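Any read-out appearing in this document is the output of simple, stated calculations on the displayed coordinates, not a laboratory observation. On a predicted model such as this, the values are computed, not experimentally measured, just so you know.
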Amino acid sequence: MGQKKDLEKLVATLQEVVKTTNDKRCKIDETFAKSESERKCLQQEVADLKNRLSLQDANVQQAVEKAKRVMATKCEDNIGRANRKIKLINGTLRVNIVLLAEVRSNIELVGLLKKGEVPDLDAELAALKKQEAGLLSATDEFAFHMGKLEDILKDLSAGGTDCRVVDAEADAVPASSSSGSSGDEDSDSTTGGPP
């Protein structure tokens, strides 16, 4: 009989262990189910955040493209105005240079005639040709630089993005053979102004 009681105690203990183990297993299953549910909720939140971010990225990209179009339009307008002003300045400057040269020549001639001095026409002709060569050289250089400026503005209006710095010495106009200029002109002839 003693063995039977021992066996009953052992069975009761084992049943208690089984019950405790089953309770722990149930709690673990509940915790796992809860964790799995939380994991799924977090995955859904991550997916929602990714969707919102992609929508925001798309909106930002659209805003950037719109801003680029607006800026390009404004730049094209400004470049067009600059081109028109350059052409106007270029034309006006050339006319003014010619008129100034004529006025100065007339003043000099009137001054000589008023003094009663008759200039040596051959010497005057040679001096005028030398001045003309210097003026042509300066005019060519001015036209060359205005052309470079117009090219840069055309590049910008065509969508070019690189900035170029124009170096006056590196981009100097080569001496034109038609001008016949030598390096001996005085400073007035290289600036493009009459003497």
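Counting only residues at least eight positions apart within a chain, or on another chain, the lysines with an alpha carbon under 17 Å from that of K40 are K50. State which entries of K66/K154; K4/K24; K87/K130; K85/K154; K74/K148 exceed 19 angstrom in Cα-Cα distance in the structure shown. K66/K154; K4/K24; K87/K130; K74/K148, as the Cα separations exceed 19 Å there. Of the Cα atoms belonging to region 1-156, the radius of gyration and Dmax stand at 49.0, 165 Å.
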